[in-house]
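*Asks:* Before I ask anything, here is the structure I am working with.
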Amino acid sequence: MPTQSVTLNSISPNPVLQPGGTATVTFSLTGNYTGTINLYATPVGGGTPVLVGSTTASQTSGNHTYTQAVTLNTAALDPNVDYNFVARDSSGTPTSNSILVDVNSIPVGVNACFAAGTKVATARGEVAVEDLRVGDLVVTPHSGAPLQPVIWLGHSRVNVARHPAPAKVAPVLIKAGALADGVPFRDLRVSPDHAMFLDGHLVPAKLLVNDSTIVQEAWCPEVTYWHVELPSHGLLVAEGAVSESYFDDGNRKNFDNYGVATLFKDFASERTNGRYATNACYPLMQHGGGLDRIRARISARIDAVIEAVQRVA
């Protein structure tokens, strides 16, 4: 027997994650109904509804509210599009309301990424990362090869403001001159786990934050990250600072252009399993006296960086 009404009250987290995950869904039923409640996502502006999850409910009368964990399959959703989510019973009776939901293709954090607008040193001069093309030769200060070709470019649009863990995705701003004299020579924005090359080691940018010359932009509502892959994991130069290229640790499926990525190798591994630490082009530094010395050196430059900014102003 169909319900008199189904009201979708909330979905958490919002944005939902792609290609899937568990969401807490709250909905209300009025009337006599026992059966399935389906969740559909329809692109804002119109389009074909996509079934993304189901749950069940049972009652004989009245109005009751349910809060349930629902496994979502969002693989078919486009992370560049917002969706209206609705609930329907098995007869197709829809909600009288819809909830605007964003889709985030980055499930936890993002690795080795430059924010859009970052300029990378290439054989044809500095080029904004979003304007690079496969085959472009980039400056690579490692392995004795001054230039190496870009073999793949990935991009990911991240809604920081609505991400369930903003600190894992909000960009880190490294101000001009923060690392050394003229390094970087312009402000540089990277993802928190993007590793900078310092003292012969790869150091995640998030470990360099000092809330003065290197800050995490928690206030940034949205960012598009770009990933630059070379024939092997290596170093490149962005805004005059040396840092890492993309390391394929099995997360290509999280990029907005995953369809292109299927043409290339795809490791079934994650950064946390030790593959990155074992196979990166240089040793990873995450703690210890070496990191303490780097942080102290950066802190000692704070006044000089501030004075330089004031002179320009």
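*Asks:* With a point put 7 Å past each Cα toward its Cβ, work out how far H287 is from A76 in nm, to one decimal.
*Replies:* About 4.6 nm separates the two model spin labels.
*Asks:* Arranged from highest to lowest average of other beta-carbon atoms within 10 Å per residue, in what order do the peptides 29-41, 214-226 appear? Intermediate results must be reported in sequence, preceding the final value.
*Replies:* Values: 29-41: 19.0, 214-226: 17.2.
Order by mean packing, descending: 29-41, 214-226.
*Asks:* Take peptides 205-212, 297-304, 171-178 and line them up by average Cβ neighbours within 10 Å, highest first, as a rough protection proxy. Working shown, then result.
*Replies:* Details: 205-212: 16.5, 297-304: 14.4, 171-178: 22.5.
Descending mean neighbour count gives 171-178, 205-212, 297-304.
*Asks:* Taking neighbour counts of Cβ atoms within 10 Å as a proxy for exposure, in what order, fewest first, do I306, I99 appear? Can you show the working numbers first?
*Replies:* Values: I306 14, I99 18.
Fewest to most other Cβ atoms nearby, the residues stand as I306, I99.
*Asks:* Put a dot 7 Å past each Cα toward the Cβ at N279 and H64; how far apart are the dots in nm?
*Replies:* That separation, rounded to one decimal, is 5.1 nm.
*Asks:* So, one more: Take D78, D136, D248 and order them by how many other Cβ atoms sit within 10 Å, fewest up front.
*Replies:* Working: D78 14, D136 18, D248 23.
Least to most surrounded, the residues fall as D78, D136, D248.
*Asks:* Can you spot the aspartates and glutamates whose alpha carbon is less than 15 Å from K168's alpha carbon? Ignore those fewer than 8 places along the same chain.
*Replies:* D193, E217, E222
*Asks:* Which of the aspartates and glutamates could a cross-linker span from K119 if the Cα-Cα distance has to be under 13 Å and same-chain partners fewer than 8 positions apart are dropped?
*Replies:* E130, D131, D187, E239
*Asks:* Under a crude label model (7 Å from the Cα following the beta-carbon direction), how far is L51 from E130 in nanometres?
*Replies:* Distance between the two pseudo-spin positions: 3.8 nm.
*Asks:* Further question on the same structure: Per-residue counts of other Cβ atoms within 10 Å, averaged by peptide: what ranking do you get for 122-133, 185-196, highest first? It would help to have the intermediate numbers written out before the result.
*Replies:* Details: 122-133: 13.9, 185-196: 22.7.
Highest mean packing first, the order is 185-196, 122-133.
Just so you know, all these numbers are worked out from the coordinates, no wet-lab data involved. Small disclaimer: the values here were computed from a predicted structure and weren't measured. Don't worry about glycine lacking a Cβ; one is built from the backbone with ideal geometry, like all the others, and counts go over all protein chains shown.
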